[in-house]
1. Pick from 61, 12: which is part of a helix (DSSP H, G or I), at pLDDT below 85, under 28 Å from residue 371 (Cβ atoms) and not assigned by TED's automatic domain parsing to the domain that holds residue 326?
2. From the list 718, 743, which residue is more than 18 Å from residue 620 (Cα to Cα), surrounded by fewer than 16 Cβ atoms within 10 Å (Cβ to Cβ) and in contact (Cβ under 8 Å) with a residue 40 or more places away in the chain?
3. Quick check: is even one residue across the stretch 312-325 assigned to a helix (DSSP H, G or I), surrounded by fewer than 21 Cβ atoms within 10 Å (Cβ to Cβ) and either assigned by TED's automatic domain parsing to the domain that holds residue 102 or free of Cβ contacts under 8 Å to residues at least 12 places away in the same chain (or both)?
4. Given the residues 90, 145, 70, which is the only one that is modelled with pLDDT of 90 or more, under 24 Å from residue 342 (Cβ atoms) and crowded, with 19+ Cβ neighbours inside 10 Å?
5. In the same structural domain as residue 73 (by TED's automatic domain parsing) and either surrounded by 17 or more Cβ atoms within 10 Å (Cβ to Cβ) or modelled with pLDDT under 90 (or both) - does that describe any residue in the stretch 300-309?
6. For residue 484, work out the one condition from (1) outside any helix (DSSP H, G or I); (2) out of contact with any helix residue (DSSP H, G or I) (no Cβ under 8 Å at 6 or more places or on another chain); (3) at pLDDT 90 or above; (4) surrounded by 15 or more Cβ atoms within 10 Å (Cβ to Cβ) it doesn't fulfil.
7. Taking the stretch 249-263 as the region of interest, how many residues are part of a loop (DSSP other than H, G, I, E, B) and more than 41 Å from the chain's Cα centre (by Cα)?
């Protein structure tokens with residue numbers, strides 16, 4: 001993404017806004033039936049299937065809660081089917097159970113979660129079926145507070161009569177003819193005979209339940225609401241339907257319940273406990289029938305047992321429903337994991353929700369959108385922090401997302417508030433990735449700028465290390481330990497006089513290219529060229545391990561490469577004056593702390609070094625001539641190099657005070673690489689060191705004798721190198737002779753003050 005930063009930032013903002021908007025749209029209310037199915041997308045929109053996992057997790061985290069209604073499930077279970085036979089049963093069994101529940105148990109209300117359809121009549125035989133129907137009708141007439149099931153989705157209707165649930169919001173698509181649900185198939189229901197309660201769900205989804213069906217002739221309410229009304233001692237006249245809620249108003253004007261409606265017709269039930277949690281009372285219908293018969297005709301002991309059996313049921317609300325898996329009235333529900341449980345529990349949880357008013361509630365969509373944008377931009381903010389804070393910022397960004405998720409769980413536990421999780425977290429993650437991508441592109445651009453800036457001065461490997469360090473080129477400097485390198489061509493003015501400008505340029509380009517290649521290979525940053533001079537830095541701008549040793553090794557490789565160039569130039573005959581074949585270079589190095597950084601103006605700057613360490617390195621290069629050597633380094637450089645390895649051979653030259661300094665510095669010569677040393681040179685160094693020891697001890701005669709001997713072994717003596725006029729031995733010999741003739745006055749330190757630059 002190589003875009004100009006002035007374009008990239010606005011574009012990035014648009015991308016982030018687009019991502020947050022996309023997540024917001026995905027999370028919008030889309031309560032629409034999908035074509036050819038009963039699937040609904042609820043308040044979580046297209047993300048509902050993911051958001052539901054988080055809701056289930058919050059329900060599990062909250063744990064079971066209590067409701068003000070005393071609820072009992074009477075199960076049509078496997079034991080009941082074993083003892084009474086397969087469905088359909090004689091309706092007389094239900095009459096016996098209902099009589100027992102109301103008369104012996106003293107329950108307030110009972111609901112039957114299955115439709116009494118005509119499908120059960122042929123299997124029983126007409127005479128037996130009519131007898132059972134009369135018995136059930138009598139029980140309904142006698143006990144009254146009984147809710148019978150009706151449904152729009154029953155498969156027991158004849159072909160062509162199955163109808164979908166009449167949703168109010170579907171009328172805009174032209175559905176105006178609304179028929180009745182499938183009602184109980186016997187004429188026992190009326191104002192004094194019982195109540196009708198819908199048991200429909202939205203297809204297989206149990207998270208949203210239709211709460212009324214308005215037909216041309218009648219207004220139907222769900223079984224759970226009918227049971228709640230009976231629990232309060234009210235009838236359907238207490239129900240008031242408003243635009244986005246339903247009110248249950250008692251005769252004294254008090255509001256028993258405020259029921260929020262989704263899309264004007266649906267309710268999202270709370271889930272109070274899992275089916276198998278043990279929080280609800282479960283009785284087998286055959287036990288209810290048996291203890292009911294025992295209470296009327298049993299022995300005193302049996303009647304006492306029956307009394308204890310029915311005692312907990314007093315003033316309770318009962319739901320009778322199929323629980324045996326063979327009856328196929330099961331669904332996967334919240335708190336059930338992937339295990340289907342009886343659908344009768346849907347009505348039980350909705351009854352608890354209505355009577356407790358612990359409805360699941362959500363923030364307005366505008367607030368949810370604000371949360372999505374807030375987390376999205378928060379993630380972006382943390383992803384764009386400077387790289388040095390990247391790890392902590394990612395931790396903080398992740399912590400904020402986790403804190404939000406934790407807050408969503410705690411708020412649900414405390415107040416049944418469902419904050420969206422998937423959309424905000426999705427926005428945070430996607431925006432965070434977008435921010436990371438932007439940062440990555442910015443880093444790549446930064447790396448490119450660094451490579452462009454330093455690529456012609458540093459080796460590719462060193463440039464890559466510097467790039468990966470993540471530093472942004474800017475004005476300013478820092479203190480760092482470096483090895484400063486200086487070199488120039490000895491007697492360069494003579495070359496300028498004898499060569500044409502074109503020849504001089506060609507010669508210098510060839511020379512500087514060869515020298516620079518070696519320096520860069522050894523990790524040197526080439527600061528600048530000043531005519532024939534080269535200024536280099538080791539260990540900055542990128543770190544270089546064992547930089548002092550690498551600088552010393554590089555100096556000897558430079559000397560070897562120059563020797564090869566001299567042979568080449570000589571072999572080229574008349575192309576070059578003879579002086580070219582005698583070219584030598586002098587080098588000076590010092591290791592220590594210096595100020596390094598980009599210096600200059602905001603429009604044009606150069607990465608360079610400043611400080612005493614740098615000045616002393618320059619003095620080493622210029623001072624090398626005074627001692628007749630080609631490479632002079634400070635004691636600090638020698639110590640650092642020898643601490644890293646023994647690749648180089650050094651010899652002590654002198655203690656001097658260079659111009660511009662008051663403190664003396666030890667000066668050493670790099671003789672050669674250890675692999676190139678010969679016996680004569682070893683002997684020369686040994687004798688020279690003896691001479692310097694005598695010199696420092698003011699033993700002039702012995703010093704003179706040693707320097708005379710070593711001068712005959714010097715590798716740069718005039719007979720071997722016509723360009724050489726002096727050697728360290730001859731210079732120290734002359735100084736010892738002078739001091740012998742005129743001994744120093746006062747304390748002797750052996751320090752020599754250099755007057756030249």
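1. It is 12.
2. That would be 743, the only listed residue that is more than 18 Å from residue 620 (Cα to Cα), surrounded by fewer than 16 Cβ atoms within 10 Å (Cβ to Cβ) and in contact (Cβ under 8 Å) with a residue 40 or more places away in the chain.
3. Yes - at least one qualifying residue is present in the stretch 312-325.
4. Just a single option satisfies the conditions, and that option is 145.
5. yes
6. Single failed check for residue 484: (2).
7. Residues in the stretch 249-263 being part of a loop (DSSP other than H, G, I, E, B) and more than 41 Å from the chain's Cα centre (by Cα): 5 in total.
Residues checked against (1) more than 30 Å from residue 579 (Cα to Cα); (2) part of a helix (DSSP H, G or I):
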residue	(1), (2)
680	no, yes
684	no, yes
687	yes, yes
692	yes, yes
719	no, no
725	no, no
743	yes, no
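The values are calculated or read from the model by the stated rules, or taken from the named source; none is laboratory data. Treat the numbers as computed from the prediction; the structure is a model and nothing was measured. Reconstructed Cβ throughout: ideal geometry from the backbone, glycine too, with neighbour counts over all protein chains shown.
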